[in-house]
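Down below is the structure, laid out as structure tokens.
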Amino acid sequence: MNISVIIPTYNRQDHILDAIKSVQNQTYKVDEIIVVDDGSTDNTKQLLKNLDIKYIYQDNKGVSSARNTGIKNAKNSWITFLDSDDIWLDSKIEKQVQFHKNNPNILISHTDELWIKNGKQINKKYHQRKPFGWCFEDNLDSCKIGPSTTILHKDIILDIGYFDEDLIVCEDYDLWLRILQKYQLGFIDIPLIKKIAGNYAQLSFDTFAMDRFRIVALEKHLNTKYKHIVLKHLIQKLTYLVNGAKKRDNKDILEKYEPKLQYYEDLVL
């Protein structure tokens, strides 16, 4: 299997080299590393200029655009992602390649992961357990698939579409839901990446009311065989969002989402 690794980055000069090194140290070598620099203003370009990678600079458009740029420029059929503040363990690619050789009908897989915050490992809770198989419904509540853990065949993207560039966050949640409607998910039940959090501001932790973006993703599935379970989750997320807006007296959120909540509740009746 020939594999292209796509690393989106934005002002991560203190982390990007460690991420790249973790790719280069893999026991199964990849033959293409693509770093998509999404408009960094720090020293990223200078740090990478002499490395054996494909470096692409673009104006700042967000992580979805950066990943899509990487996919479109990848020369190989198998694609994998690595966020520039995450680290792969050395056998990550080897174990996924072996999985797909043993399961040629499965075109996407992910692995377990270690969560590190402020230098300490975080234990995952039961509801955060990793899904596998035909598992669309298991992923409706929240995103349980880390981009840095995944490998997939490019045919999937050509079939279901790219990352949604209109989503500021939850872009991965949206893509996985679209994929899992049609494709079976493989899982390697071993932690094969280190996911680092807590050392600096991260988009997923700073963006207000992430459920706004999950709602957009869920609404894409209202005309599918999963309509009833999607409606249930939509109402749950809208109720949480509206109740929070009432507590904060956020009139903009209420004006937009309270009628939407009423509309979906009426559909159930």
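The values are calculated or read from the model by the stated rules, or taken from the named source; none is laboratory data. Since this is a predicted model, take the numbers as computed values, not measurements. Positions of Cβ are backbone-derived with ideal geometry, glycine not excepted, and every protein chain shown enters the neighbour counts.
Numbers for the structure displayed
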{"quantity": "Among residues of the stretch 175-213, those that are touching a Cys at 6+ places or on another chain (Cβ under 7 Å) and at pLDDT below 95, counted", "calculated": "2"}
{"quantity": "Number of the condition not met by residue 55 [criteria: (1) farther than 28 Å from residue 220 by Cβ; (2) in a loop (DSSP other than H, G, I, E, B); (3) not polar (S, T, N, Q)]", "calculated": "(2)"}
{"quantity": "Subset of the stretch 35-52 [not acidic (Asp, Glu) and not in a strand (DSSP E or B)]", "calculated": "39, 40, 41, 43, 44, 45, 46, 47, 48, 49, 50, 51"}
{"quantity": "Residue selected from the stretch 48-68 under the condition farther than 15 Å from residue 156 by Cα and in contact (Cβ under 8 Å) with a residue 40 or more places away in the chain, by the criterion farthest from the chain's Cα centre (by Cα)", "calculated": "60"}
{"quantity": "Selected residue (criterion: farthest from residue 77 (Cα to Cα)) from residues of the stretch 1-31 that are polar (S, T, N, Q) and in a helix (DSSP H, G or I)", "calculated": "22"}
{"quantity": "Extreme residue, nearest to the chain's Cα centre (by Cα), among residues of the stretch 120-131 that are modelled with pLDDT of 80 or more and surrounded by fewer than 16 Cβ atoms within 10 Å (Cβ to Cβ)", "calculated": "129"}
{"quantity": "Test for residue 45: is it farther than 25 Å from residue 155 by Cα and among the basic types (Lys, Arg)", "calculated": "yes"}
{"quantity": "Residue in the stretch 87-97 that is crowded, with 20+ Cβ neighbours inside 10 Å, touching a helix residue (DSSP H, G or I) at 6+ places or on another chain (Cβ under 9 Å), on the phi < 0 side of the Ramachandran plot and part of a strand (DSSP E or B) present", "calculated": "yes"}
{"quantity": "Scan of the stretch 31-50 for residues that are surrounded by fewer than 15 Cβ atoms within 10 Å (Cβ to Cβ) and farther than 15 Å from residue 11 by Cβ, ordered by number", "calculated": "31, 49, 50"}
{"quantity": "The listed residue being surrounded by fewer than 18 Cβ atoms within 10 Å (Cβ to Cβ), β-branched (Val, Ile, Thr), under 21 Å from residue 218 (Cα atoms) and under 18 Å from the mean Cα position of the chain (by Cα), out of 145, 116, 156", "calculated": "156"}
{"quantity": "Residue tally, condition touching a Phe, Trp or Tyr at 6+ places or on another chain (Cβ under 9 Å), within 17 Å of residue 149 (Cα to Cα) and surrounded by fewer than 18 Cβ atoms within 10 Å (Cβ to Cβ), over the stretch 3-25", "calculated": "1"}
{"quantity": "Some residue of the stretch 40-48 being in the same structural domain as residue 100 (by TED's automatic domain parsing) and touching a Leu at 6+ places or on another chain (Cβ under 9 Å)", "calculated": "yes"}
{"quantity": "Qualifying residue in the stretch 109-130 (condition: of a type in the set (A, V, I, L, M), in a loop (DSSP other than H, G, I, E, B) and under 14 Å from residue 195 (Cα atoms))", "calculated": "no"}
